[in-house]
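Read-outs throughout are calculated quantities, based only on the coordinates presented, and are distinct from any laboratory measurement. Small disclaimer: the values here were computed from a predicted structure and weren't measured. Using ideal geometry, Cβ is built from the backbone for each residue, glycine included, and neighbour counts are taken over all protein chains shown.
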Amino acid sequence: MEGFPYQSEAGLLPGDRIVRIDGEPVYIYSDVALLFSRSNGETMDLVIERDGKRLVRDDFPLRLREFDVNGETQMKYGLYFTVEQAGVAMRLEQSWLNAIDFVRLVRMGLVDLVTGAAGLRELSGPIGIVGTISQVGEESDSAADAARNILYFGALIAVNLAVMNMLPLPALDGGRIFFLVVGGLFAFLTRRRLNPKYEGYVHAAGLVCLLALMAVVAFNDIAKIVTG
């Protein structure tokens, strides 16, 4: 944008492609806004691609600033993005990168929950998901856009469920795989099989905890609807 203070050979130039932000790869263009919003402090560590070469911009002072946009003062980073015409190969590549990006979103969400950056209030279950789907459809410009956006959101939910199901937690498939590995190691080291009833106890306890969590999330979803 006009007035961007770091447009130079040592900074950023038109045509540069941002490939990493604070160590996180940029898979799709929306990652830029996401990773910018999660950056802490006054600087970011960037990796850019220019003329086929990768350049490092550590501690780059990229932050929100005031820019004049059509006579209005707006807070922006000062960057514009161009759109490439995608062929079949690029569309397939972008579909794969989207799936990887969905997995990362799940990982970021779990990290936020563990670190306290997000709470149970931010979780949504089936009730909240239906409400979000309805909102996505209503905010779309046309029926075709609504269908595309809902399918995109559905893909995100599918990947989310797949990743969560593979976590090594009781009552989930990942927990079952974990016990198979532990049981195999136990049998290898002790020449005895692990008693299956203990695994059953753990999975039963995990199922109770999972149902309790689902009840809490459902209550939160209903509370959000009631309170608006």
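Of all lysines in the structure, the ones whose alpha carbon falls short of 29 Å from that of Lys53, not counting any fewer than 8 places away in one chain, are Lys76. Dipole magnitude for the range 135-201: about 940 debye, using +1 per Lys or Arg Cβ and -1 per Asp or Glu Cβ, origin at the Cα centre. If only the Cβ of Lys and Arg carry +1 and only the Cβ of Asp and Glu carry -1, the dipole of the range 17-76 around its Cα centre is close to 220 debye.
Taken about its Cα centre, the range 87-165 carries a charge dipole of roughly 280 debye when the Cβ of each Lys and Arg holds +1 and the Cβ of each Asp and Glu holds -1. Centre-to-centre, using Cα atoms only, the range 1-21 and the range 183-228 are separated by 48 Å.
Sorting Asp141, Asp112 from the fewest to the most surrounding beta carbons within 10 angstrom yields Asp141, Asp112. Each residue of the range 84-90 is assigned a 3J(HN,Hα), and the resulting list reads 9, 6, 9, x, 5, 4, 5 Hz, derived from the Karplus form 6.51 cos²θ - 1.76 cosθ + 1.60 (θ = phi - 60°), x at Gly and Pro. Can you tell me the FRET efficiency between Arg176 and Leu113 if r is taken as the Cβ-Cβ distance and R0 is 22 Å, rounded to the nearest 0.05? According to the calculation, E is roughly 0.45. With a Förster radius of 35 Å applied to the C-beta separation of Leu185 and Leu105, the computed FRET efficiency comes to 0.60.
Take every pair of alpha-carbon atoms less than 8 Å apart whose residues are at least six positions apart; their mean separation over the length of the chain yields a relative contact order of 13 percent.
Once backbone amide H atoms are built at 1.01 Å from N, Phe60 has Met44, Asp45, Leu46 as its partners under 5 Å, excluding neighbours fewer than 5 places away on the same chain.
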